[in-house]
Amino acid sequence: MRLVVTTVAAAAAFAPAGAFAVDYLTFEQAAQLIFPDADRFEAREIALDATQLQALADGGVRGRSARWTARIARHGDAVLGIVVADAVIGKFELISYAVGIDSAGAIRQIEILSYRESHGGEVRLPAWRRQFVGKTAASPLRVGDDIANISGATLSCTHLAEGVRRIVAVVALARRSGGLGE
Amino acid sequence: MRAASWRRARPLLGTLVEIGVDSATDGADVACAIEAGFARIATLQAQLSRFEPESEIARFNAASAGARIPIHDDAAVVLDAAAVLRDASAGAFDVTLGSGIWEWRVEDARVLVKLAGGVRIDLGGIAKGHAVDCAVAALVAHGATAGWVNAGGDLRAFGALALPIELRDENHGGVRPFATLADGALATSRGVAPGGELRHASVAAPTCLWADALTKIVVASGQAEHPLLARFGARGWLHSTQALAVA
């Protein structure tokens with residue numbers, strides 16, 4: 001074990017805190033990881049109208065956003081499932097992720113796309129969030145970067161779990177109404 | 001400069017688990033090793049989480065006094081360590097969270113015995129560290145030569161890399177540099193000490209199981225240099241929990 005303490009606690013306590021960010025996968029890379037057998041992915045926008053949002057709410061799921069980016073995974077004529085991109089906000093962190101749901105409605109895999117740790121104030125700024133949510137431009141896996149790991153108290157994944165539940169409900173609702181065009 | 005770095009993260013163990021591999025080897029092999037690391041953690045979660053109804057721990061919690069629950073090696077390793085720390089700390093380290101500190105025991109590393117009806121076990125303070133150790137072992141077994149596993153701040157680095165560690169400001173958000181870690185583990189924990197004081201501590205140790213568990217000793221005792229730490233080759237820090245003046 002080799003541990004080098006770079007800053008003593010007293011000095012660190014009064015240094016301004018920095019922001020921290022890491023990109024793991026693009027949405028497209030995640031879709032391919034989740035459905036490796038797919039030979040093509042078709043882009044979809046899932047949009048819910050007010051009635052559908054109300055139906056979600058009646059089912060105990062808060063429909064926070066009314067629009068999601070998705071990809072239908074196909075192999076030949078068969079539909080393998082759908083991958084949906086979403087983002088959640090924690091106490092000091094923003095997490096974007098992709099959920100893969102198979103054609104029977106079961107979660108196949110969840111992949112984290114990116115993580116942003118920031119000052120509490122920045123987290124809730126819409127501009128900061130837009131930058132984060134729209135991040136699907138192709139970029140390679142990070143190579144040789146120096147962004148550090150965080151060691152903090154355990155992050156709450158409550159919001160992430162809620163987000164996944166919401167996506168599963170949204171996909172089920174969209175499928176029932178034929179809105180996915182699968 | 002490092003070789004190509006691969007990073008993935010998934011929600012597991014009630015937190016975000018990140019696996020990183022620094023490798024010059026073929027990408028497909030690295031992806032396979034990372035998959036094996038996540039799979040190992042998922043298996044441990046199924047065996048050790050009190051929230052999984054079929055887990056060995058959930059079965060123990062649901063059982064009556066006198067029950068003998070067969071356990072696998074991982075539960076035995078974690079519970080053995082928990083018993084060692086419980087005994088050495090006169091009960092300060094308590095996986096029953098006050099429901100019966102001395103009312104459980106492991107026999108022959110195979111059977112978990114419930115000595116009183118009301119006792120319930122929660123391995124949240126120690127099993128995450130073991131899961132990190134196991135994921136590291138899985139990565140190494142699949143050919144990864146250097147990398148790290150980070151389960152929401154319980155992390156371990158292996159191979160020829162020095163991992164920069166940042167500490168989150170728990171009051172205001174943001175992170176600041178804390179240390180670099182090579183070939184070892186670091187865990188951080190925040191908790192309320194028996195007297196009601198909020199404490200925030202980190203422990204570095206050769207393995208993550210001990211780093212994770214020993215943070216609870218530091219939080220409970222308020223001693224960054226508690227004698228138990230030296231016994232397990234560990235080192236501790238208490239962080240300021242005062243409100244920070246700098247925006």
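The values are calculated or read from the model by the stated rules, or taken from the named source; none is laboratory data. Being a predicted model, the structure only gives us computed values, none of them experimental. Please note: Cβ atoms are built from the backbone with ideal geometry, for glycine as well, and neighbour counts cover all protein chains shown.
All conditions but one from (1) under 19 Å from the mean Cα position of the chain (by Cα); (2) crowded, with 23+ Cβ neighbours inside 10 Å apply to residue B:138; the one that does not is (2). Inspect segment B:102-120 for any residue being in a helix (DSSP H, G or I) and not acidic (Asp, Glu) and give the result as yes or no. No, that holds for no residue. Out of B:245, B:201, B:211, B:187, one residue alone is modelled with pLDDT under 90 and either touching a Leu at 6+ places or on another chain (Cβ under 7 Å) or in a strand (DSSP E or B) (or both). It is B:201. Filter segment B:18-27 for residues that are at pLDDT 85 or above and within 9 Å of chain A (Cβ to nearest Cβ); which is surrounded by the most Cβ atoms within 10 Å (Cβ to Cβ)? In this case the residue turns out to be B:20. Any residue at all in segment B:114-123 that is surrounded by fewer than 22 Cβ atoms within 10 Å (Cβ to Cβ) and within 20 Å of residue B:35 (Cβ to Cβ)? No, the conditions are met nowhere in segment B:114-123. Of everything in segment B:220-242 that is among the small types (Gly, Ala, Ser) and in a helix (DSSP H, G or I), the residue that is modelled with the highest pLDDT is B:230. Just to be sure before I move on: is residue B:13 within 30 Å of residue A:95 (Cα to Cα) and either crowded, with 17+ Cβ neighbours inside 10 Å or of a type in the set (Asp, Glu) (or both) in the structure I sent? Considered against the rule, which asks whether it is within 30 Å of residue A:95 (Cα to Cα) and either crowded, with 17+ Cβ neighbours inside 10 Å or of a type in the set (Asp, Glu) (or both), residue B:13 comes out as yes. Consider segment B:189-211 and keep the residues that are buried (at least 22 other Cβ atoms within 10 Å of the Cβ) and within 12 Å of residue B:235 (Cα to Cα). The one that is nearest to the other protein chains (Cβ to nearest Cβ) is B:204.
Does at least one position in segment B:44-51 carry a residue that is part of a loop (DSSP other than H, G, I, E, B), more than 14 Å from chain A (Cβ to nearest Cβ) and closer than 12 Å to residue B:123 by Cβ? Yes, segment B:44-51 has at least one match. Here is a check on your reading of the model: is residue B:217 in a strand (DSSP E or B) and either surrounded by 21 or more Cβ atoms within 10 Å (Cβ to Cβ) or away from chain A (no Cβ under 11 Å) (or both)? Considered against the rule, which asks whether it is in a strand (DSSP E or B) and either surrounded by 21 or more Cβ atoms within 10 Å (Cβ to Cβ) or away from chain A (no Cβ under 11 Å) (or both), residue B:217 comes out as no.
Scanning for something at the interface with chain A (Cβ under 10 Å from one of its Cβ atoms) and either small (Gly, Ala, Ser) or part of a loop (DSSP other than H, G, I, E, B) (or both), does segment B:132-152 turn up at least one residue? Scanning segment B:132-152 turns up at least one residue that is at the interface with chain A (Cβ under 10 Å from one of its Cβ atoms) and either small (Gly, Ala, Ser) or part of a loop (DSSP other than H, G, I, E, B) (or both).
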